[in-house]
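J.: Pasting a structure below so you can have a look.
The values are calculated or read from the model by the stated rules, or taken from the named source; none is laboratory data. Bear in mind the structure is a predicted one, so any value in this text is a computation, not a measurement. Positions of Cβ are backbone-derived with ideal geometry, glycine not excepted, and every protein chain shown enters the neighbour counts.
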Amino acid sequence: MPSSVSYLTYILDSLSLHGDVSCRPMMGEYILYCEGKPVGGIYDDRLLVKPTPSALRLLPNAPRELPYPGAKEMLLVEETDDRAFLAVLFSTIAAELPAPKKRK
């Protein structure tokens, strides 16, 4: 089941404190980028992020879920109302990820 635009709008609004968050639609779901790096996504109206060391530290009890069959596990973010927490979470995940490769 594809994610709803209303859930995407809610998450983007919750991430508005960060300022450098964008999204791209991908087969009915949405990939979320922070500072140009893919940090997570919205899958079946769930906010999932990459399990980086900082994400695991900030979300120690977060359930691991699959965004879709055959994918790597990601962390489910349940504290979607806490804007300050989401800004810190996305910033720290982005800081740990490599810079995106430039396309030719």
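J.: Please work out if TYR30 is modelled with pLDDT of 90 or more, aromatic (Phe, Trp, Tyr) and in contact with a helix residue (DSSP H, G or I) (Cβ under 6 Å, 6 or more places away or on another chain). Before you say what the answer is, go through the steps one by one.
T.: Working: modelled with pLDDT of 90 or more: yes; aromatic (Phe, Trp, Tyr): yes; in contact with a helix residue (DSSP H, G or I) (Cβ under 6 Å, 6 or more places away or on another chain): yes.
Answer is yes for this residue.
J.: Also, I was wondering about something else. Looking at region 73-92, which of the residues that are surrounded by 12 or more Cβ atoms within 10 Å (Cβ to Cβ) and among the acidic types (Asp, Glu) is farthest from the chain's Cα centre (by Cα)?
T.: If we take residues in region 73-92 being surrounded by 12 or more Cβ atoms within 10 Å (Cβ to Cβ) and among the acidic types (Asp, Glu), then ASP82 is farthest from the chain's Cα centre (by Cα).
Every residue, every condition in (1) in contact with a strand residue (DSSP E or B) (Cβ under 7 Å, 6 or more places away or on another chain); (2) over 21 Å from ASP81 (Cβ atoms), yes or no:
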{"site": "MET27", "(1), (2)": "no, yes"}
{"site": "ILE31", "(1), (2)": "yes, yes"}
{"site": "GLY36", "(1), (2)": "no, yes"}
{"site": "TYR43", "(1), (2)": "yes, no"}
{"site": "PRO51", "(1), (2)": "yes, yes"}
{"site": "ARG57", "(1), (2)": "no, no"}
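J.: Just give me the residues in region 41-76 being assigned to a helix (DSSP H, G or I) and not hydrophobic (A, V, I, L, M, F, W, C), in sequence order.
T.: At the first step, the residues of region 41-76 found to be assigned to a helix (DSSP H, G or I) are 53-58.
Passing the criteria: PRO53, SER54, ARG57.
J.: Is it true that some residue in region 6-22 is of a type outside the set (D, E, K, R), part of a strand (DSSP E or B) and touching a strand residue (DSSP E or B) at 6+ places or on another chain (Cβ under 9 Å)?
T.: So in region 6-22, the residues of a type outside the set (D, E, K, R) come out as 6-12, 14-19, 21-22.
From what's left, part of a strand (DSSP E or B): 21-22.
Still in the list and also touching a strand residue (DSSP E or B) at 6+ places or on another chain (Cβ under 9 Å): 21-22.
Checked region 6-22: at least one residue is of a type outside the set (D, E, K, R), part of a strand (DSSP E or B) and touching a strand residue (DSSP E or B) at 6+ places or on another chain (Cβ under 9 Å).
J.: For region 29-48, does any single residue satisfy the condition of being without any contact (Cβ under 8 Å) to a residue 24 or more places away in the chain and more than 12 Å from the chain's Cα centre (by Cα)?
T.: No, that holds for no residue.
J.: Please state which of the following conditions GLY70 fails to meet, knowing it meets all the rest: (1) within 18 Å of PRO2 (Cβ to Cβ); (2) in contact with a Ser or Thr (Cβ under 8 Å, 6 or more places away or on another chain); (3) loosely packed, with under 12 Cβ neighbours inside 10 Å.
T.: All conditions are met except number (2).
J.: Taking the criterion of being within 18 Å of LEU8 (Cα to Cα) and of a type outside the set (Asp, Glu), would at least one residue in region 52-67 satisfy it? Working first, answer last.
T.: If we filter region 52-67 for residues that are within 18 Å of LEU8 (Cα to Cα), which is where we start, we get 67.
Okay, now just the ones that are also of a type outside the set (Asp, Glu), so 67.
Scanning region 52-67, I find at least one residue that is within 18 Å of LEU8 (Cα to Cα) and of a type outside the set (Asp, Glu), so the answer is yes.
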